[in-house]
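Trainee: I'd like to ask you about the structure that follows.
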Amino acid sequence: MIDDPSSYQFQYYMKPKEVNEHTSITYLKSEELSKVLADGFALLYHNKPQFPVTYLANYLLNHSKTSQEQSKLHEVMEEKRKIIAGFQQEKNRMELSQNKQKLQQQEVKSNLDRFDQYVKEHSVHFHVLSEVCEELERRFKLGGAYVGEIKHPKRSVKDNEDG
């Protein structure tokens with residue numbers, strides 16, 4: 001920071017001939033530039049510092065750094081929003097997939113329950129045996145089905161028993 005304004009070396013630039021007055025005023029009146037300059041001049045007027053040019057220069061530098069940091073923060077926040085949106089979409093997709101699987105499982109269970117009910121309701125199974133096999137083949141897309149009855153009771157087998 002320069003404390004002594006007398007140490008400044010001023011250089012005056014000539015305006016290029018091809019730039020007209022209207023273009024310069026339009027540039028200075030642009031919303032972003034005019035707001036920053038107006039805010040800087042308002043602070044300058046309010047604080048009335050000993051070195052106003054240095055004060056205004058520091059204000060503009062600080063504003064520039066702050067704007068860049070806000071821009072970077074905005075980019076980071078936007079990236080986080082995109083990531084969160086991606087996770088939310090993936091979560092929704094997984095929930096839909098799980099719901100579809102549950103519906104399929106419920107449908108299979110319902111079919112099995114109906115089959116069990118059908119078998120229980122018919123006391124003589126021999127006359128419907130072919131229908132049952134065809135139904136099993138159709139519903140479960142089997143190449144063939146065999147329905148039989150176990151005539152002897154099951155018994156548990158222990159690990160240390162032979163045969």
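Trainee: Examine the range 89-108 for a residue that is at pLDDT 80 or above and touching a helix residue (DSSP H, G or I) at 6+ places or on another chain (Cβ under 7 Å), and state whether such a residue exists.
Mentor: Within the range 89-108, none of the residues are at pLDDT 80 or above and touching a helix residue (DSSP H, G or I) at 6+ places or on another chain (Cβ under 7 Å).
Trainee: Right, another one. List, please: which pairs have Cβ atoms under 6 Å, are six or more places apart or on different chains, and start with a residue in the range 58-85 that is within 17 Å of residue 40 (Cβ to Cβ) and surrounded by 10 or more Cβ atoms within 10 Å (Cβ to Cβ) and end with one that is β-branched (Val, Ile, Thr) and at pLDDT below 90?
Mentor: 63/36
Trainee: How many residues does the range 133-153 contain that are modelled with pLDDT under 75 and surrounded by 10 or more Cβ atoms within 10 Å (Cβ to Cβ)?
Mentor: Going residue by residue through the range 133-153, those that are modelled with pLDDT under 75 are 145-153.
Within this subset, residues satisfying the condition of being surrounded by 10 or more Cβ atoms within 10 Å (Cβ to Cβ) are 145, 147.
So the count comes out to 2.
Trainee: If the Cβ limit is 9 Å and pairs must be 6+ apart or interchain, which residue in the range 89-117 that is over 25 Å from residue 132 (Cβ atoms) and loosely packed, with under 10 Cβ neighbours inside 10 Å pairs with which residue that is hydroxyl-bearing (Ser, Thr, Tyr) and modelled with pLDDT of 90 or more?
Mentor: Sorted first by the residue in the range 89-117, then by its partner, the list stays empty.
The values are calculated or read from the model by the stated rules, or taken from the named source; none is laboratory data. It should be emphasised that the depicted structure is a prediction, and the values quoted were computed from it without experimental measurement. A quick note on method: Cβ atoms are made from the backbone with ideal geometry, for glycine too, and the neighbour counts reach across all protein chains shown.
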